[in-house]
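A.B. asks: My questions all concern the structure below.
The values are calculated or read from the model by the stated rules, or taken from the named source; none is laboratory data. Not measured: the values here are computed from a predicted model. Ideal geometry is used to build each Cβ from the backbone, glycine not excepted, and the neighbour counts take in all protein chains shown.
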């Protein structure tokens, strides 16, 4: 594959993983329940995504940076919803 094809492949992979928590967000919001959501998993993902951002900045790779900033944003929304419905 040429460089453009690899870049496109990376962009598609980044898009899929960046929005990986969206179905969980939708389910938590619809059911108003976070009973089956692991907070440890959320924290582990935040740590991993933050490290990917640092790594992307080091490489100056916009795909890695943007994908992980989006991932971190969806994780922040997930955690906010988790905290909102945790006590109910």
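A.B. asks: Do the conditions hold for residue 33, that is, is it modelled with pLDDT of 90 or more, loosely packed, with under 15 Cβ neighbours inside 10 Å and either assigned to a loop (DSSP other than H, G, I, E, B) or in contact with a strand residue (DSSP E or B) (Cβ under 7 Å, 6 or more places away or on another chain) (or both)?
C.D. replies: When the stated conditions are applied, residue 33 passes them.
A.B. asks: While we're here: In the range 66-88, how many residues are farther than 14 Å from residue 19 by Cα and under 12 Å from the mean Cα position of the chain (by Cα)?
C.D. replies: Matching residues across the range 66-88 total 1.
A.B. asks: Exactly one of these conditions fails for residue 51: (1) at pLDDT below 95; (2) surrounded by fewer than 12 Cβ atoms within 10 Å (Cβ to Cβ); (3) assigned to a helix (DSSP H, G or I). Give me its number.
C.D. replies: Checking residue 51 against (1) at pLDDT below 95; (2) surrounded by fewer than 12 Cβ atoms within 10 Å (Cβ to Cβ); (3) assigned to a helix (DSSP H, G or I), the one that fails is (1).
A.B. asks: Further question: Exactly one of these conditions fails for residue 23: (1) loosely packed, with under 11 Cβ neighbours inside 10 Å; (2) over 16 Å from the mean Cα position of the chain (by Cα); (3) part of a helix (DSSP H, G or I). Give me its number.
C.D. replies: (2) is the only condition that residue 23 fails.
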